[in-house]
Amino acid sequence: MDPNLMGKKILLLEAGNKKVMDKVPEMYSTRVSSISPGSATLLSGIGAWEHITKMRYKPYKRMQVWDACSDALITFDKENLLDEMAYIVENDVAVAALTKQLDSLSDNVRVKYRSRVVKYTWPMPHHAADSVPWVQVTLANGETLQAKLLIGADGPNSMVRQELGIPTVKWNYDQSAVVAVLHLLEPTENNVAWQRFLPTGPIAMLPLSDTLSSLVWSTSHQLAEELLEMDEERFVDAINSAFWNNENQSELIDTAGSLFRGALAAIMPSTGSPRQLPPSVAGVGPKSRVMFPLGMGHASEYIRHRVALIGDAAHRVHPLAGQGANLGFGDVACLTQLLSQAAFNGKDLGAIQHLLEYETERQRHNLPMMAAVDLMKRLYSTNSAPVVLLRTFGLQATNMIPTLKEQIMAFASK
Amino acid sequence: MLSQLGRLVSGRYHYKRSVSCGMFREAAGRSWFSCGALCKRRSQLQRNACLEMKQRVVPCQISSRSASRTTVDHDELKKFWSLASKWWDEHGEFSALHALNDLRVSFIRDNLLNVHRARHPGKPLLGLRILDVGCGGGLLTEPLGRLGANVLGIDPVEDSIGTAQLHASHDPDLCDRISYQACTVEELSAEVEGGEEECRFDAIVASEVVEHLADLETFAFCCSHMLKEGGSLFITTINKTNLSYALGVVVAEQLLRIVPRGTHDWEKFISPVELERLLESNGVSVQSVKGMLYNPVSGAWSWTNSTAINYALHAVKQRVRPQQDRAEHSGP
């Protein structure tokens, strides 16, 4: 617990049930997140990372991203492959670890499970004599609560954001993501994350253990439904084919691709790791196939008087870069640091000054990331030749500039 | 003349800084010692008053009887009466004062922590008694209260005290630790005078106040008496320089309207050197002086090396030598 915030009373309103995990279940759960080193630092600072490492997590050291329409490829890894790039953690494990840590802080933090908010009453900026100057929250069970600061962490369809009337830029990608747990054909070291951009959307395989990986396949709604309904054998074939099939490549692109590579190799010495082949899939975890729709969203304001939005309530991205959860953790780290500073200066935690600082700092970080992810999604959603050539050249060039790759990794690791 | 004598006997001082009343000041100056004796005789009364204060009874008995304000200037009071309801509008007339909290709270907190080691995470000033002179709407009183201190805020403008009490009443965290009293510094000093050491304060804060006072010597005297030995005095005010006239009065009031027009009277500004001299003569020794600079574009304050315009000062009441103590106790 941050020392400056000791003595403050925190209440968490959670709609679901308490997630306790005394023993990690043998079956891996389908929903996973890629946790960046920055997020891992935050979690270890609050003592939750230790619980996660004791339960179950998988670090990975390299990421290989390549195109289906050409043979352009880019790999990311830390030098010497000694450091980990990021970690794959099941969402259930992460939540259980955090719940365990919250239990140990019961003096300061209370959690109300299975609670639902029916009404928010917002305070006036500088209050009239009779009105309550704090945020009032009315629950479904009739209870009314008051808070100096309300933090809205209620997801992409945030009620807090809607009730405040904050204008949000959002659109639906015409894509859904299919997620599943995959059984690999043969055990392997499995410390590489794989992503291939198909014209219908990217397919990614994230390591869970030596024999298991997690599938995140973003594709059109129709294909997603078909994938869900397929029997296991056909589903496995579809996955393998998506990773290995070269039918989207044309001769023109191939020739152009090798020409680019030749030209680049002449200008700069060839760097970047050699192309590796992803593992083959043999089976799917029982009942592990799920799908959910994808979209982009960004709240134009993250804060109002005595209110702050964090995580998906403020911003929502495509999973292709594995950044959604990390942006949220970044919001948490920033807001906590500013609130701690404000408390040390004796400020009212709901005062607008430090909330504005939070909004500015996070929007400056989040917007470029979201723009980049959206751009990638659009760039790779087509197989028209000019765009393919453009992105092929771009990818190959980027792959050959180590400093640029380092910058990208650093930005994504925060 | 008789009325003046009457005021002297009852322990109240009425000085005016203007030249025409120079003779008053001389006469009053000679009365320091006799007033000291008078105050000792009233020690019983004052002990009762001190107990009252400990129980946080809000109305100040003495101020309800007084007709005249003393260290404060009537014209100055008028300015603040009309603005009493606007204290807590962070973007209104007092926005610069709200922003100043960033500097002055950390200045007070850090200097106090140097002396009193913090033992309570989250409440670093727990256990300290602080007096906020000229607290206005409680802009500085509340942050100090949130840091754990027991704060008494005083201000001669009753409406401001009313605003301050109302604002603090909404926060249960503050109700136990902050109290307000509508009185002047010398009235409070009279209550504390001759009382127990516990009645005195660990720290007295007079932020943006001394440039509005009619008489600084009384103010310094009263503060020195109300401080515990080794206690801290924090003052933030404006220097008396050409630059402070140009920027602090002309630009701030008339051009940029950072503060309402007529808020400051350049004649009342005081330089750090003069202030230091005044405090030293009252047994309070200056420890540090730091310049502050306001950026009207960003609306933020920052520390600066130059004390040409605004500055913050930290002084500590010197411990009295043992021989002097014995002499006082053996007196009448």
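Coordinate-derived values only; no laboratory data. Nothing here was measured: the structure is a model prediction, and the numbers come from that model. Cβ: placed from backbone, ideal geometry, glycine included. Neighbour counts: every protein chain shown.
Numbers below:
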item: Square roots of five times the Cα gyration tensor eigenvalues for the range B:209-332, Å; result: 34, 15, 11
item: Sequence ranges A:262-268, A:213-219, A:89-95, ranked by mean other-Cβ count within 10 angstrom, highest first; result: A:213-219, A:89-95, A:262-268
item: Cα shape, the range A:170-263, gyration tensor, a/c 1.5 rule; result: oblate
item: Using distinct alpha-carbon pairs, which all enter the 1/r mean, Kirkwood radius of the protein assembly as shown in Å; result: 30.6 Å
item: Net charge of Cβ neighbours under 13 Å - reference A:Lys61; Lys, Arg +1; Asp, Glu -1; result: -2
item: Per-residue mean of C-beta atoms belonging to partner chains within 10 Å, peptide A:94-100; result: 0
item: For the range B:126-138, 3J(HN,Hα) per residue [Karplus equation, 6.51 cos²θ - 1.76 cosθ + 1.60, θ = phi - 60°, Hz, x = Gly/Pro]; result: 4, x, 9, 9, 10, 10, 10, 7, x, 6, x, x, x
item: Cβ-derived FRET efficiency at R0 41 Å, A:Asn191 paired with B:Ser302, nearest 0.05; result: 0.25
item: Helical contribution to [θ] at 222 nm, DSSP H n ≥ 4, -39,500 (n - 2.57), averaged over the protein assembly as shown, rounded to 500; result: -11500 deg cm²/dmol
item: Shielding of A:282-293 by partner chains, average beta-carbon count, 10 Å; result: 0
item: Amide proton proximity set for A:Leu150, modelled H, under 5 Å, gap of 5+; result: A:Val307, A:Ala308
item: Taking all pairs of distinct alpha-carbon atoms in chain A, Kirkwood radius in angstrom; result: 23.2 Å
item: Tensor-based shape of the range A:20-62 (alpha-carbon gyration tensor, a/c under 1.5 rounded, otherwise prolate or oblate); result: oblate
item: Using a Förster distance of 25 Å, the FRET efficiency for A:Glu247-A:Leu375 (Cβ separation, nearest 0.05); result: 0.45
item: The range A:291-348 - Kirkwood radius from inverse mean 1/r over Cα pairs (Å); result: 12.9 Å
item: Equivalent ellipsoid, the range A:259-387 (semi-axes from 5 times Cα gyration tensor eigenvalues, Å); result: 39, 22, 16
item: Intensity falloff of the range A:83-163 expressed as log10 I(q)/I(0), Debye formula with alpha-carbon point scatterers, at q = 0.24 Å⁻¹; result: -1.27
item: Shape of the range B:72-216, Cα gyration tensor, a/c cut at 1.5; result: oblate
item: R0 of 35 Å, Cβ-Cβ distance B:Glu229-A:Asn108: FRET efficiency to nearest 0.05; result: 0.40
item: Mean-position separation - Cα centroids, the range A:372-393 and the range B:295-309, in angstrom; result: 50 Å
item: Residue-span extension gain [A:Ala263 to A:Met230] - 0.36 nm each, minus C-alpha spacing; result: 7.4 nm
item: Rounded to 5, percent antiparallel among DSSP beta bridges of the protein assembly as shown; result: 70 percent
item: 10 Å Cβ neighbours from other chains, averaged over peptide A:342-355; result: 5
item: Mean separation of Cα contacts under 8 Å, 6 or more apart, over the residue count of the range A:1-127: relative contact order %; result: 42 percent
